[in-house]
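The values are calculated or read from the model by the stated rules, or taken from the named source; none is laboratory data. Keep in mind the model is a prediction, meaning the values are calculated, not measured. Glycine also receives a Cβ, built like all others from the backbone with ideal geometry; neighbour counts cover every protein chain displayed. Only protein heavy atoms, including side chains, enter the accessible area calculation; ligands, DNA and RNA are left aside. Shrake-Rupley method; radii C 1.70, N 1.55, O 1.52, S 1.80 Å.
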Amino acid sequence: MSGPPVVTCAGCQGLTFGLVRCRCTWHGDRFLVDSSVDEESAPGRRATAYRDCLLCQGTGTVTRGCHECGQRGERRAQIVLTVVNADTGAVASASLTPGSLEPTPAYGRWRLAFNPVLDELAAAVAATGLVELTGGGRPVGEQDLLLPRQWHPALPAAQRDALVAAALADHGHNPWRVFQGRTVAPPPVDPTARLTTLCRLADQLHVDLVVELRRTEWGGTDWDLRYELPGAPVSTTPRVRGDDLPAAVVATTVANAFDGFEPRNLAAPGYFLRPGIEQVERAESIDLDLDLDLDQLERRMLRDADDQSGAQAIWRNRRWWHTSLRRDRLAEELTEEPTGQVTRRVTAVLVRGWEPPVPDWRGEPIPYHDCPDCDPGSLLRTCWCRLGGRPADPDCADCGGAGVRAQRLPCHSCGDSHRIQHGAVVSVTDLVGRVVHENWTPRPVAANLVATQPGGKPVVQLSEAYRIASLAERIGRAPTDLTQLDLGQPLCQDLRDGVVTLDDPTDDPVAVQLARATRGRPGGRLLLAARPAAAPPLTELIRVALGLRLAVAITVQDHRLNDGDPLRIHGESWAVEVLSVDPVAPFTDLPTQPSLAAAVASCVTYLEVALAAAVPADPRRPIPVPQTPVPAPAADPGPLVARLGHHFSGRPVTVRLDGAGCTVHLHEYGVTQLLASAPTVPAALSALGLRVADWRC
């Protein structure tokens, strides 16, 4: 295949760099600037450079490498549209270059309409319900590429093609657009069922589900659903899930509702659960006493927001509580800019017009003491040189011996909650009906010395009462599946197994465990999910990747040799990557995910990045146009890879799959060794002298 048309980059005129306006000109020659004022749009004014700018030294322009062409000076005039059927692995693609697609009129201009092309590709692979993998999983809408205004059918062919090439090159930030569909489209989300699920989980976890409406400056409405703790202030950074309630409910999953839960609720007070609640519950036992009518809920909130800044409906004590939102005051935030200027941002602080009654699950307050390592009114933090109770280092490069320094990172002791909690509430749910709660209070328990750190610090393991792994087992889940509900990150091994490192042998290990479990967590609440990661089967990911003419690398490291050492990682670590079919394309030798399902889920999350990386960087090389009408069946290699990791315990092993077959690689001390090449994974293992038939996978 000949190379695609290449045009000179319009952003840098082929120079690979350009002179651009410095950001100090956004607000003119002043030290303190107001982010709400657009100086350049003021009548009769044009922003000038800040004379003491640290970036441009007052000239108003800076040199910047051209990001549009990747500092190559040229751009590829090609777009590839690909549709893949995730159920079958069938792939169809079309390459769009000048002259390959006839422009059509639209909006008083001419365009390249992509939807008819996508419809043909989807029909070729029998896929429906398309979502764009290279667009964050968004459903397919109107797909158009507007041509320059000069384009007209009456122009000479060479001039028309040049204008089309320029438009295609300008789309070079996303030149390979991949859409995924299925043989049968998934059913649409039922808003009422989704809201019922969110309310039921709020009841089980003893948190509030907040439905919020905010009035926009132009008269519209923004809606959001999120989980909060009672007593938390109204968020100063609103989120938008939809412009009406049903749309917001459909766009909100459990993960969305918990997103930002911890920083949003840091000011909420902490309370134990009242006695009798620390038990395993089933969702079926919760009888919602209200018919969740979205239309009535939306109407009520719109009435509450009349002549106000917004409204909230709070699901607490198994019913809705309604309140309006009004502006209380203005909050000022000062931020230092790279130019040396200081930006002043003013935001309106909203408060509720009425607070709902106390939740029925609330027990005694969790005791605490103020954090000694941070100042609530500033960015001053105890310096790292004083960790573990050490005196300040007079030669410390960060604090110069002062023992404190300014930093924007959260406090390493309290996570910016400014409290060291003397208790905790640990809640573990499988998100499908079972949940267990425990109040952790300081009390004398057995703490066995299990190791000593290289520096001499003792390492102890607490009894079952302070091991979160036991809570997962109570609801029939594997402890390795424990993840935080906010962000979905795996729970650290020490916290899971009750292993505590003491800075001083006289420290109370239970107090250290409680402080660590509640660091940065609002209200002393540690909310965890115990269930396998929500991920498609590995076979589906392999089917899609091979259909796209890409490769898949599966890396595992079996840590069974560490079982007797609490200071080292236990279990298995996994990584799954989609990468270019180029044999020299690098893959990781450091797996970090606790399970294969979690590794697949992480790979799917960042699949958009992997697809972008598969596009050739050289604009003179064409983008591959994969066609896979009849994909080969994909067997599940997961059990065999796990057995391979068992055989090479302690060392990472990678199985790389592509259209040509499979290769096995062993990693040791940063060096990768090719062990075997074969058409299939079983054949590769047999080539290594490992009898696959003896492994009951």
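Table for the structure above
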| item | result |
| --- | --- |
| Label-point gap, in nm, between residue 318 and residue 237 - each point 7 angstrom along Cα→Cβ | 3.6 nm |
| Burial order of peptide ranges 132-144, 655-667 (average beta-carbon count within 10 Å, highest first) | 655-667, 132-144 |
| The range 210-263 shape via C-alpha gyration tensor axes, a/c threshold 1.5 | oblate |
| Rg/Rg_ref, the range 93-190, where Rg_ref = 2.2 N^0.38 Å and atoms are Cα | 1.22 |
| Label-to-label distance, nm, for residues given as residue 13 and residue 142 (7 Å Cα→Cβ offset) | 3.6 nm |
| Mean residue ellipticity (222 nm) of the chain, computed from DSSP H runs ≥ 4 via -39,500 (n - 2.57), nearest 500 | -5000 deg cm²/dmol |
| Separation of alpha-carbon centers, the range 511-547 and the range 113-169, rounded to whole Å | 38 Å |
| ³J(HN,Hα) computed for each position of the range 649-655 - Karplus, 6.51 cos²θ - 1.76 cosθ + 1.60, integer Hz, glycine/proline x | 3, x, 10, x, 10, 10, 10 |
| Gain upon complete extension [residue 31, residue 441; 0.36 nm per residue less C-alpha separation] | 142.5 nm |
| Amide H partners (placed H, <5 Å) of residue 411, local residues excluded | 416 |
| Between the range 375-406 and the range 205-269, the alpha-carbon center distance in angstrom | 37 Å |
| Spherically averaged projected area of the range 500-626 from its Cα convex hull (nm²) | 12.0 nm² |
| Nearest-0.05 FRET efficiency for residue 128 and residue 609, computed from C-beta distance (R0 25 Å) | 0.40 |
| Cα gyration tensor category, rounded, prolate or oblate, for the range 1-159 with a/c compared to 1.5 | prolate |
| Cut-off under 5 Å, modelled amide H: who pairs with residue 61 long-range | 22 |
| Computed FRET value (nearest 0.05) for residue 398 with residue 87, which takes r as the C-beta separation and R₀ as 41 Å | 0.15 |
| For the range 20-30, 3J(HN,Hα) per residue [Karplus equation, 6.51 cos²θ - 1.76 cosθ + 1.60, θ = phi - 60°, Hz, x = Gly/Pro] | 10, 5, 6, 5, 5, 7, 5, 10, x, 7, 8 |
| Highest to lowest packing among 645-654, 183-192, scored as the average C-beta count within 10 Å | 645-654, 183-192 |
| Magnitude of the charge dipole, the chain, Cβ model with Lys/Arg +1 and Asp/Glu -1, debye to 20 | 880 debye |
| Simple spin-label estimate for residue 449 and residue 647 in nanometres, 7 Å along Cα-Cβ | 4.3 nm |
| Amide hydrogen neighbours beyond the local backbone of residue 676, cut-off 5 Å, H modeled | 664 |
| Over the chain, relative contact order from alpha-carbon pairs under 8 Å, at least 6 apart, % | 12 percent |
| q = 0.28 Å⁻¹: log10 I(q)/I(0) that the Debye formula gives for the range 126-178, counting C-alpha atoms only | -1.09 |
| Range of Cα positions in the range 604-653 per principal axis (Å), largest first | 45, 29, 21 |
| Nearest-10 value in Å² for the accessible area of residue 120, using the 1.4 Å probe | 130 Å² |
| The range 188-247: chymotrypsin sites (Phe, Trp or Tyr not before Pro) in DSSP loop, at most 11 other beta carbons within 10 Å | 218 |
| Kirkwood Rh and Cα Rg combined as Rg over Rh, evaluated for the range 577-696 | 0.97 |
| Residues residue 113 and residue 184, FRET efficiency given R0 of 35 Å [Cβ-Cβ distance, rounded to 0.05] | 0.85 |
| Tail beyond 50 Å, pair distance distribution of the chain (Cα, percent) | 24 percent |
| Order by protection proxy (mean Cβ within 10 Å, highest first), peptides 420-426, 97-103, 249-255 | 420-426, 249-255, 97-103 |
| J(HN,Hα) series, the range 127-142, from Karplus relation 6.51 cos²θ - 1.76 cosθ + 1.60, nearest Hz, glycine and proline x | 10, 9, x, 5, 10, 8, 5, 8, x, x, x, 6, x, 7, x, 6 |
| Computed lengthening from residue 197 to residue 360, 0.36 nm per intervening residue step minus Cα-Cα distance | 56.7 nm |
| Stokes-Einstein D (µm²/s) once Rh is taken as the Kirkwood radius of the range 67-148 over alpha-carbon pairs, at 37 °C in 0.692 mPa s | 228 µm²/s |
| Stretch gain in nm, segment residue 274-residue 690, where the contour uses 0.36 nm per residue and the Cα spacing is subtracted | 144.1 nm |
| The range 312-382: chymotrypsin sites (Phe, Trp or Tyr not before Pro) in DSSP loop, at most 11 other beta carbons within 10 Å | 354 |
| Scaled radius of gyration (Cα, divided by 2.2 N^0.38 Å) that the range 262-410 gives | 1.56 |
